[in-house]
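Notes follow the structure.
The values are calculated or read from the model by the stated rules, or taken from the named source; none is laboratory data. Just so we're clear, the structure is a prediction, and the values are computed from it rather than from any experiment. Cβ sites come from the backbone with ideal geometry, for glycine too, and all protein chains shown count toward neighbours.
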Amino acid sequence: MTTARRLPPPRSPDRRAVLRALAAMATVAGSPVLRAAGAGPAELRVITSALGEATSQIVAALTRRFPGAQVSEDIKMLTARGGPAVYLAVGPAALEAALNADVTGPLVSAFVSSPAYQRLTAAAAPRRTRPVTAVFAEAAPAAQMQLIRRLYRRKVVVGVLLSASTRHLQPLIERAAAAADLAVSFEVVEPGASPVRALSALTSASVLLAVPDPELYNAQVARAVLESSYRRRQGVIGFSKAMVGAGTLAAAYTSIDDVVAQLGEMLDALLAGQPVAEPQYPLYWRVAINDTVARSLDVVIDATVRGLGNFPA
Amino acid sequence: MERTAERSWGSWGLRSLLLAAAALPTLLTLLAVLLLNFGSQERMRHDLEERATLVAGALAEASEYGLISGNAAALDRSVRELLAHDRAIAAIDIFDAARRPFVSLPGQPLAAGLPSVELPVRSSVPDIDFFDRATPHVSMAEDLQPTFRLGPVAGYVRVTMTTEALQRAQQRRLALELGIVAAAGLVGLLVVGLLARRMRASLLVLLDALQAMRQGRYAVSEGPAVGGELRRLQGAVLELAETLGAAAHPARDATPWQRHAEGHGGIARRLMGRLDAALVAVRLSAMQAARQADATGPAADPQAAAQTAARILALANQAQAAGEALVEPLRPRIVDALGLEAALAELLQACVRAQPSCAFSLHQEPGFACADPAQSVEIHRVVQEALALVVAHAQASQASVRLQALPPSREVRVVVTDNGIGEASSGAVARLARLREALTARGARVDVQQASAGGTTIVVTLPPETPLVINPPG
């Protein structure tokens, strides 16, 4: 059973603060003092939040890949073990706890969306002294654009709602759209404004790309967003498999095994003393399709769409 | 009170009673319709509240998107259509979550106290992780079957109903119902009035007839044609009039019924006249026969004497036939009317009344049955004659009548027994002899046994079908 512990409300960091955080991360990552400690082999210490079904599956996958990993909800117990270590925070709650704890080794965030990662790291930036990197929870915008291109088989306009906390994604999304030969239209939703009303500014778009922004997409507005887009015959591309079940047309998403496979490569490098890499989107991804919505929107789903993705070896 | 009412109803005429009987259901129906209508106000309000709940529920479901998206225009259009289609809705107000008016139609102040229902707009929201939770952001295998939960209040819908339209409709319906009941009542009263008029006319004719008969006028008219019990009453009155008329004027009619009503005196007179005429003819013929018998020589004519004898015999037969025909009305009608058993029981009761000191009893042997009317009359006559002997001469304290069927021959045996002194008097002997002679002439066998200690038993065996000569009069 997944524990529904909600994050504190986002503080909407401004662009300048985000850039400061990213610059600090890049500097720290390249610093030799933050390499994995050389006094013997480093230990992988996995920080989790309260155990739930998702956490249990993630921990099971990780311990299969790293049998010697130390897993605990108690970060103090992990840090008390001493010696060189690489820390892996599983989920937003664990990341927030690790950022606020006296952790000396490199910290890797996993199963946290990029907006949540940016918000948490930006909030902890003033007192952070160790390198942090991440494998984001959602598929890369490039993967979403590939999926859209394959679904519509033509150049269509992709509408994207952004808020202040996700506005930094605009260049990345534009590059991904251009690479997939798609046009993109952005609408920035001001704080306090209704994202459903903002959809009226995206009437030219054939498809709406959802980004994991709690200000724009949450349980309260999701139904209205889906209803509104459906009335305009716009398909919605989600960022998780659950959103497809809730009524979006399709989604590029990553499974636990996809993320763990990528984490294996990253953690192997860190444990071997290599420098901390940049936060990155998942290398491996796959697609989920809502066939009912696709039929109602006259979107033909063939085998190439269903087989789309990048799968670990 | 009830007696007063009964007396007052009892004094009503036939027409008034029938009209009252026809008008009462109509009045009760009108009263019931009015009472039902009186109790319908609360029911109407209850119905309106239920309807308001239904409309508000449907509208709350449909308003979610409009409230969240801020699309008031679409909601306004939907609400206007709803108001146009349902005249019972006075107003619809939709508020946002902060209770600020979002859509309000018709937007005019309403009277207080109207049925009103307000419901929150709460949708079911997908219970999935939009990567906004503290738990790991991950897609699970089972995520394609999301659950739903009740979301926060997005607004409120208030539906206010008006009773005006329904009241108007109800008043129209009530007026129609009352009109139909009143019309049906009027038609019923008209029909009953016509029937009462006709019935009253028939009864008046019968009353007049009875009054006329009371005054000795028996020529009554039949009156208007009627059916059922009135027809039977009319027939009875007419028959009574005919009977009484025939009794008052016996010589005028000659029907069997009237002959029966003439009484035994008339029959005896007619019988005497017939027999007297027959005896005169027989005497003259006998004198001629005597002269012919005294003649000798050439004057002797044996053939003429034989003819005269044959004529005398024919005259005797004619006299006998005429006598039987005249006596036929004396046949006991009670047997025809009541049946043999009841007639014999009546006969025994008559004997008891005539001689209370004697116990009379009637026994029918198993298997005894008499379906032949003529034979029943004959049995009744035999018993009547035998019991007449007992009552007149026996001085008995017990007398019994026993009826027995003789299956092989289908004969009937009548046994009359008493414990009296016996029919030793000359009158009794003569009467017994006449009975024996009459019954023997009709084919019956008679056996009379007298015990030495007292008591007499008369055994009469009747043939299977006793001929009963009934000749038409004249």
Number of the condition not met by B:R149 [criteria: (1) facing chain A (nearest Cβ under 9 Å); (2) surrounded by fewer than 19 Cβ atoms within 10 Å (Cβ to Cβ); (3) part of a helix (DSSP H, G or I)]: (3)
Hey, B:A91 hits all of (1) within 14 Å of chain A (Cβ to nearest Cβ); (2) part of a strand (DSSP E or B); (3) among the aliphatic types (A, V, I, L, M) but one; which does it fall short on? (1)
Determine, yes or no, whether A:D181 is in the same structural domain as A:D291 (by TED's automatic domain parsing), surrounded by fewer than 17 Cβ atoms within 10 Å (Cβ to Cβ), part of a loop (DSSP other than H, G, I, E, B) and at pLDDT 95 or above. yes
Taking segment A:239-264 as the search range and keeping residues that are surrounded by fewer than 24 Cβ atoms within 10 Å (Cβ to Cβ) and outside any helix (DSSP H, G or I), which one is nearest to the other protein chains (Cβ to nearest Cβ)? A:S255
Odd one out for B:A316 among (1) without any contact (Cβ under 8 Å) to a residue 40 or more places away in the chain; (2) more than 30 Å from B:R283 (Cβ to Cβ); (3) not polar (S, T, N, Q): (2)
Being of a type in the set (S, T, Y), at the interface with chain B (Cβ under 10 Å from one of its Cβ atoms) and part of a loop (DSSP other than H, G, I, E, B) is the filter; apply it to segment A:188-218 and report the residue that is surrounded by the most Cβ atoms within 10 Å (Cβ to Cβ). A:Y217
Count - residues of segment A:265-290 that are farther than 22 Å from A:V132 by Cα and either in a strand (DSSP E or B) or away from every other protein chain (no Cβ under 11 Å) (or both): 5
Neighbours by Cβ (under 7 Å, 6+ apart or cross-chain): first from segment A:277-302, farther than 19 Å from B:S139 by Cβ; second assigned to a loop (DSSP other than H, G, I, E, B): A:L297/A:R233; A:L297/A:L249; A:V299/A:L249
Out of segment A:99-132, which residues are within 20 Å of A:G264 (Cα to Cα) and not hydroxyl-bearing (S, T, Y)? A:G105, A:P106, A:L107, A:V108, A:A110, A:F111, A:V112, A:P131, A:V132
What's the total number of residues in segment A:219-238 that are more than 7 Å from every other protein chain (Cβ to nearest Cβ), among the β-branched types (V, I, T) and in a helix (DSSP H, G or I)? 1
Can you confirm whether segment B:111-123 contains a residue that is within 13 Å of chain A (Cβ to nearest Cβ), outside any loop (DSSP other than H, G, I, E, B) and modelled with pLDDT of 80 or more? yes
Segment B:385-436, residues that are polar (S, T, N, Q), more than 17 Å from B:D447 (Cβ to Cβ) and not in a strand (DSSP E or B): B:Q395, B:S397, B:N419, B:S425, B:S426
Pairs under 8 Å by beta carbon, first residue farther than 15 Å from A:P212 by Cα in segment A:133-156, partner of a type outside the set (A, V, I, L, M, F, W, C) and in a strand (DSSP E or B), six or more apart or different chains? A:T133/A:S109; A:T133/A:Q280; A:A134/A:S109; A:A134/A:Q280; A:L151/A:G235
Does B:V157 satisfy being closer than 28 Å to B:P106 by Cα and either in a strand (DSSP E or B) or more than 36 Å from the chain's Cα centre (by Cα) (or both)? yes
